[in-house]
Amino acid sequence: MTTEHSVHEHTAQLDRVMNTICTRTLNHFAEEAKINGESLKDAFERYEIDYAWHVLGSDRLRDATLACLAQRHSHVATDAQRASLADILKSAAAAQAPELLMSFDNEVPDQLADSLCAAWTGRTPSPGSAQAA
């Protein structure tokens, strides 16, 4: 793979992550918690809320994406692919404003696994594969 192709693939995958994630401010989460009649603390615990940069840069999200690749697509990532995934998530984390929050309970691993599988293997995810997990 050429360097230019690698940079293009990285940028395309990063764009997919950025379009997939759902972030909110603390005030937005507080409003939602109030509407739901729960404390902010309860909402944070229930949805496993943390800073978006922390969620995206976590081993947990990386490992969940690798597990989705293996379970949904029968694809075990190579060392180079693992490094690429780590770089994509690190870039996504770095792009987040420091005050934005995000839930660990999200669809990013499924959607990123579908996208990476298509890029790395040339296989297009089957329709509805995001719901098949």
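The values are calculated or read from the model by the stated rules, or taken from the named source; none is laboratory data. Just so we're clear, the structure is a prediction, and the values are computed from it rather than from any experiment. All Cβ positions, glycine included, derive from the backbone under ideal geometry; neighbour counts span all protein chains shown. Just so you know, the surface numbers come from the protein's heavy atoms only, side chains and all, with ligands and any DNA or RNA stripped out. Shrake-Rupley method; radii C 1.70, N 1.55, O 1.52, S 1.80 Å.
Quick look at the values:
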read-out	value
Boolean, residue 108 is touching a residue at least 60 places away in the same chain (Cβ under 8 Å) and either among the hydrophobic types (A, V, I, L, M, F, W, C) or surrounded by 14 or more Cβ atoms within 10 Å (Cβ to Cβ) (or both)	yes
Of residues in segment 12-49 being open to solvent by less than 60 Å² (accessible area, probe 1.4 Å) and closer than 29 Å to residue 118 by Cβ, the one modelled with the highest pLDDT	23
Residue check for residue 62: at pLDDT below 95 and of a type in the set (D, E, K, R)	no
Some residue of segment 51-64 being among the charged types (D, E, K, R), touching a Phe, Trp or Tyr at 6+ places or on another chain (Cβ under 7 Å) and in contact (Cβ under 8 Å) with a residue 24 or more places away in the chain	yes
The listed residue being touching a Gly at 6+ places or on another chain (Cβ under 9 Å), of a type in the set (A, V, I, L, M, F, W, C) and outside any loop (DSSP other than H, G, I, E, B), out of 89, 61	89
Lone unmet requirement of (1) farther than 30 Å from residue 121 by Cβ; (2) of a type in the set (Ser, Thr, Tyr); (3) in contact (Cβ under 8 Å) with a residue 12 or more places away in the chain for residue 39	(3)
Search result, residues across segment 9-44 that are of a type outside the set (Phe, Trp, Tyr), assigned to a helix (DSSP H, G or I) and under 19 Å from the mean Cα position of the chain (by Cα)	9, 10, 11, 12, 13, 14, 15, 16, 17, 18, 19, 20
From 75, 54, residue being in a loop (DSSP other than H, G, I, E, B), on the phi < 0 side of the Ramachandran plot and not charged (D, E, K, R)	75
So residue 56, is it hydrophobic (A, V, I, L, M, F, W, C), touching a strand residue (DSSP E or B) at 6+ places or on another chain (Cβ under 9 Å), buried (at least 19 other Cβ atoms within 10 Å of the Cβ) and under 14 Å from residue 14 (Cβ atoms)	yes
